[in-house]
Amino acid sequence: MFNIVLVSPQIPQNTGAIGRMCVNANLKLHIIKPTIFDLSEKAVRRAGLDYWQSLNPVIWESLDDFLDKNLAYKDRFFFATTKTNELYFNAKFQSGDFIFFGGESTGLPSHLMDLTPQNKITIPMGKNGRSLNLAMSVGIVAYEAIRQNIGEFDFRESV
C-alpha cells in the first residue's frame, strides 16, 4: 500500500476525488491541515461519492505533527513538484512509500522537500502549462507506483 499525502489541499472537490481513487486503488490518504475547507464539507463528500465513508483518511493537525510521527521514513518520501526535472516514472517506488502533493496554488513547502531533495519528482508537461489538476496529478503518479509494484497490489480481476 502507498501513502498519498496532501499538504494543505485547497479545493474540496479535488480532495473528494482523490479520496475516491484511494479507496479504489487501496491507497492510504493522509491530509495535513490547514485546509481552507471543512473535511466534512458537502463538496468533498459529493466528489468522493459513497466512497468517502470507506476511506478512513488520517487527518494531521500540522506538517510538524505528521513529521514527528513519520520522519523515520523520510528516505521513502517522494515530492510531486514542478521544481525539478526528475520524471516521476523514473522513481523506484516501493510499497509503503509516502507520495506528497501540495495545495493547488501553493505546492509543497521547500523545507519539506529539502528532507530528501533527491526524491523530488515531476510530471512532464508542454511549455505552455504550469501545472496539472491536483486530483489528476495524484492519479498519474499513484498508478505508476502501482504499475511498478503490481504483484503486491490487491485488485479484482475484470469480469
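We did not get these values from a lab; they are worked out from the coordinates using the rules stated. As the structure is a prediction and not an experimental result, all values here were calculated from the model. Every residue, glycine as well, gets a Cβ built from its backbone with ideal geometry; the counts of neighbours run over all protein chains shown.
As a ratio to 2.2 N^0.38 Å, the alpha-carbon radius of gyration for the chain is 0.99. Within the stretch 75-124, the trypsin sites (Lys or Arg not before Pro) that combine a DSSP coil assignment with at most 12 other C-beta atoms in a 10 angstrom radius are K83, K92. Among the lysines of the chain, pairs at least eight places apart or on separate chains and with Cα atoms under 29 Å apart come to 23.
Here the label points at D65 and N26, each 7 Å from Cα along the C-beta direction, are separated by 2.9 nm in the simple model. Sorted on the mean count of surrounding Cβ atoms within 10 Å across their residues, most packed first, peptides 105-111, 135-141 read 135-141, 105-111. Within the chain, DSSP assigns beta bridges of which about 5% are antiparallel (rounded to the nearest 5).
Packing-based ranking of 28-39, 12-23 yields 12-23, 28-39, ordered from highest to lowest mean Cβ neighbour count within 10 Å.
Per-residue ellipticity at 222 nm, computed for the chain from helices alone with -39500 (n - 2.57) per DSSP H run of at least four residues, works out to -9000 deg cm²/dmol.
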